[in-house]
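Remarks on the structure that follows.
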Amino acid sequence: MHYALTAGLIAFIAAGAFYYSSSQPKALELVQISNTCIENVVIRSNGDLLMTTIGEGKVYSFSPNATPAASNPIYKIEEVNALSGIAEVGQDVFAVTGGVFEGMYQSNTMNLSLLKFDGHNVSISTVFQKSKYGPVNSTLALMRHKQIILTADAERGEVLRLDTTTGHVGVAIKDKALAPVPGGPFPVGSFNRVKIDDMGNKLANFEVLAKLEKGSPYAPDDFAMDRHRNAYVVYWHDRVVKITQGGKQTILVEGLLAGPSSAVFSKDGKTLYVVTSGQNNPAVSGGQVVEVKL
């Protein structure tokens, strides 16, 4: 039995006031990718970051410790121009979801691919194309069945279950607690917690821990959790907020980020890497990778 925490996909946050950290962690921009919108990020076993993009349909690789800092496109997934979720489903094997974006995501365009690394070589295989489900956002591999991922359809308020070996897609969770809120920057309405089994099935009612007001200028996107189960949630348009298990919400970063979209911890858990869409800041020309030392 596990707790799935959902905000669009899965999130953990508690209602309450925001506080500013008395000693904000150091945030440093490592790289910008010009004219590129970064949507999601995952970390490889070697510490490199893999990033999905909207507008290009490309996966980028970035080594945070390389000198000089440089990002490299490693693969273009055909038939789609927007890649969303990415999750490791095997040793150096990553599931990537995508679709067609033309001002908004188009229906019946969801794609699932597997990106496989073998030393310095990389290959891609298609699991399925043009699914009737989706569009989807972030993805998460199940702990005991890593070949199966959960992914969020925020527009319909559903969590989908995708089998990356068979291509089977089904609705794992559908609940009114996941219904979108009109008027905000994204159709994400609330933060919720729910018990799930090993296959991602709901075992109890949703606990709505926080709900956005209609028309709120901020919207939560993805998150990362530290070893103490604190959540680090990126908020559109320029925030990173730490939420403890007790529900205290602390703003760690604000102002530097141009449309933060996702985050992931370094292997030692001491650094949070935040990626952005490169939007809402005229001084930024593309998606950022920002290092936050904790």
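The values are calculated or read from the model by the stated rules, or taken from the named source; none is laboratory data. If you're wondering where the values come from, they're calculated on a predicted model, not measured in any experiment. Here the Cβ is made from the backbone with ideal geometry for all residues, glycine too, and neighbour counts use every protein chain on show.
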### Query
Among all residue pairs at least 6 apart or on different chains, which show Cβ distances below 9 Å where the first residue, located in segment 203-232, is closer than 23 Å to N40 by Cα and among the polar types (S, T, N, Q) and the second is assigned to a loop (DSSP other than H, G, I, E, B) and at pLDDT 80 or above?
N230/T244
### Test for A219: is it under 27 Å from S277 (Cα atoms) and modelled with pLDDT under 80
yes
### Query
For segment 105-143, which residues satisfy the criterion of being farther than 27 Å from N72 by Cα, modelled with pLDDT under 95 and not hydroxyl-bearing (S, T, Y)?
Q106, N108, K130, K132, G134, M143
### Task
Hey, could you check segment 262-289 for residues that are over 19 Å from R44 (Cβ atoms) and touching a residue at least 60 places away in the same chain (Cβ under 8 Å) and say which is surrounded by the most Cβ atoms within 10 Å (Cβ to Cβ)?
T276
### Query
Which of the residues spanning segment 152-170 are touching a Pro at 6+ places or on another chain (Cβ under 6 Å) and among the acidic types (D, E)?
E155
### segment 141-168, subset of a type in the set (V, I, T) and in contact with an Asp or Glu (Cβ under 9 Å, 6 or more places away or on another chain), residue surrounded by the fewest Cβ atoms within 10 Å (Cβ to Cβ)
I148
### Query
So how many residues does segment 147-168 have that are modelled with pLDDT under 95 and more than 17 Å from the chain's Cα centre (by Cα)?
1
### Query
Considering segment 81-122 alone, what residues qualify as being aromatic (F, W, Y) and either loosely packed, with under 15 Cβ neighbours inside 10 Å or within 18 Å of the chain's Cα centre (by Cα) (or both)?
F94, F101, Y105
### Filter result for the condition that a residue is more than 18 Å from the chain's Cα centre (by Cα), crowded, with 20+ Cβ neighbours inside 10 Å and within 18 Å of A172 (Cα to Cα), over S138, S131
S131
### Task
Would you check if Y75 is more than 19 Å from T271 (Cα to Cα), outside any loop (DSSP other than H, G, I, E, B), touching a residue at least 12 places away in the same chain (Cβ under 8 Å) and out of contact with any Ser or Thr (no Cβ under 7 Å at 6 or more places or on another chain)?
yes
### Message
I need a count of the residues in segment 229-261 that are closer than 18 Å to L30 by Cα, at pLDDT below 90 and buried (at least 22 other Cβ atoms within 10 Å of the Cβ).
### Response
0
### Query
In segment 181-204, which residue that is under 22 Å from I243 (Cα atoms) and not hydrophobic (A, V, I, L, M, F, W, C) is modelled with the highest pLDDT?
K195
### Query
Of all residues in segment 205-215 being surrounded by fewer than 15 Cβ atoms within 10 Å (Cβ to Cβ) and part of a loop (DSSP other than H, G, I, E, B), which is modelled with the highest pLDDT?
N205
